Amino acid sequence: MTSHASGHNAGGISAPHVSQSVEFWPLEEHSTKLYQGLGCKEGFDFDYTVSGSMVLFTKEKDTALLKNELQIFRAKSQASGDFLTKSEVKENEPNLSVENICGAYYYPDDAQGSSVKLGQCFATACADREVKMSVGTELMRFEVRNEGKTEKKIESVVTNHGSIHPKTVVIAAGPWSGKIASMAGIKIPVEPVKGHLIITLKTKEKILRSFILGPNYYFLQSHEGSVVVGGGEDSVGFDTSLIDSRVREAWSEGSIFLPIIQSLGQDSKIACLRPYCSDGLPIIGNSTQYDNLIFATGHFRSGFSLAPVTGKIVSELICEGNTTLDIKAFTPGRFSA
Ligand SMILES: Cc1cc2nc3c(=O)[nH]c(=O)nc-3n(C[C@H](O)[C@H](O)[C@H](O)COP(=O)(O)OP(=O)(O)OC[C@H]3O[C@@H](n4cnc5c(N)ncnc54)[C@H](O)[C@@H]3O)c2cc1C
């Protein structure tokens, strides 16, 4: 269930940020609340921690301007956020080198968790409810038997383990969603964009409290004690091999802002693919082409953050036929999908 990016991500759970496009804010707000509920739900131990996050500023931008930007954001989004001076950054995160930092935005509601553990929690919850899961099953093609009729439906999903005749089909195949949609004759502009994670050896020492967003890469400490340096956006197709120059660059930025990682040393490195949609927004909602097809894809760098709200929207669409959330900006119809 958590193969690919859903099991190999940084585990950051983001509330609205100043830098995000405004369409994301209601989704992030809703997902943050759903995570807060999941975090204290029995049987859902996925290392959920409200750690907060810091976005570091390295360029001497006018502090007054940054504070003003934050004030406008808070008024529009109702979200929390503070401006931290260089010395406040150091006070909160003593292991950060603040030599190149002129300040930071601090988002207290941001959190962290393990997507692998969360996936396991959901798998157990599904098994308890006798949900049939078919792991290792590959979708080969769709069969559309009632073409020409006014009601256009996907009748069967043909897999390497036989055919399924579903009431509803949800395309949620990450960077492969474009390929899968094309099997139904639909074009969606979702492409793979590679990201890297460098994981240090574990330490018992508390190195970082919050999720730190540096100029190009981010840094966090996992529940197990490793420091993770991650990021990078490389459009190189479906290849998941490491790009050495990217790893070097990430480690070098990490070493500047968090010099202690050099003494910890690297344990492992991984590259994985994010699903990027050409307009930067996810595709969530009913297809305009088939009556029983729903899309939930293109979440790019926010797929873990937005997983609960996406699940809620999809379940409402399936069970109620509509959703209580405003998903106009994410509709598949914007690509005639
Ligand atoms: C390095 C890195 C760090 C990240 N950090 C964060 C973070 O901190 N916070 C955050 O919110 N997001 C983060 N993300 C983004 C997030 O991980 C993704 O947006 C999210 O995992 C996408 O989930 P998905 O289910 O859409 O796609 P995926 O996780 O890619 O899953 C797609 C699934 O579709 C399956 N599939 C494909 N083709 C077929 C087929 N023909 N038949 C059957 N199954 C098929 C695949 O096997 C796979 O299981 C990160 C991503 C990366 C790469």
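Overview of values
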{"read-out": "Qualifying residue in segment 171-194 (condition: within 19 Å of Thr331 (Cβ to Cβ), free of Cβ contacts under 8 Å to residues at least 24 places away in the same chain, within 12 Å of the ligand (Cβ to nearest atom) and crowded, with 20+ Cβ neighbours inside 10 Å)", "value": "yes"}
{"read-out": "Residues being assigned to a loop (DSSP other than H, G, I, E, B) and either within 15 Å of Asn286 (Cα to Cα) or touching a residue at least 12 places away in the same chain (Cβ under 8 Å) (or both) - total across segment 150-168", "value": "10"}
{"read-out": "Number of the exception - His196 against (1) part of a loop (DSSP other than H, G, I, E, B); (2) modelled with pLDDT of 95 or more; (3) not hydrophobic (A, V, I, L, M, F, W, C)", "value": "(1)"}
{"read-out": "Positions within segment 220-231 being in contact with a Ser or Thr (Cβ under 9 Å, 6 or more places away or on another chain), in contact (Cβ under 8 Å) with a residue 24 or more places away in the chain and part of a strand (DSSP E or B), in sequence order", "value": "Leu220, Val227, Val228, Val229"}
{"read-out": "Qualifying residue in segment 37-58 (condition: farther than 30 Å from Leu325 by Cα and in contact with a strand residue (DSSP E or B) (Cβ under 9 Å, 6 or more places away or on another chain))", "value": "yes"}
{"read-out": "Odd one out for Ala250 among (1) within 10 Å of the ligand (Cβ to nearest atom); (2) part of a helix (DSSP H, G or I)", "value": "(1)"}
{"read-out": "Subset tally (residues that are within 13 Å of the ligand (Cβ to nearest atom) and in a helix (DSSP H, G or I)) for segment 232-247", "value": "2"}
{"read-out": "Odd one out for Tyr217 among (1) in contact (Cβ under 8 Å) with a residue 40 or more places away in the chain; (2) touching a helix residue (DSSP H, G or I) at 6+ places or on another chain (Cβ under 6 Å); (3) under 30 Å from Glu60 (Cβ atoms)", "value": "(1)"}
{"read-out": "Failed item, numbered, when Asp326 is tested on (1) in contact with a helix residue (DSSP H, G or I) (Cβ under 8 Å, 6 or more places away or on another chain); (2) surrounded by 19 or more Cβ atoms within 10 Å (Cβ to Cβ); (3) not in a helix (DSSP H, G or I)", "value": "(2)"}
{"read-out": "Sole exception among (1) part of a loop (DSSP other than H, G, I, E, B); (2) among the aliphatic types (A, V, I, L, M); (3) surrounded by fewer than 20 Cβ atoms within 10 Å (Cβ to Cβ) for Ala271, by number", "value": "(1)"}
{"read-out": "Whichever residue in segment 88-121 is in a strand (DSSP E or B) and in contact with a Gly (Cβ under 7 Å, 6 or more places away or on another chain) and, among such residues, is nearest to Gly52 (Cα to Cα)", "value": "Tyr107"}
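The values are calculated or read from the model by the stated rules, or taken from the named source; none is laboratory data. Nothing here was measured: the structure is a model prediction, and the numbers come from that model. Glycine also receives a Cβ, built like all others from the backbone with ideal geometry; neighbour counts cover every protein chain displayed.
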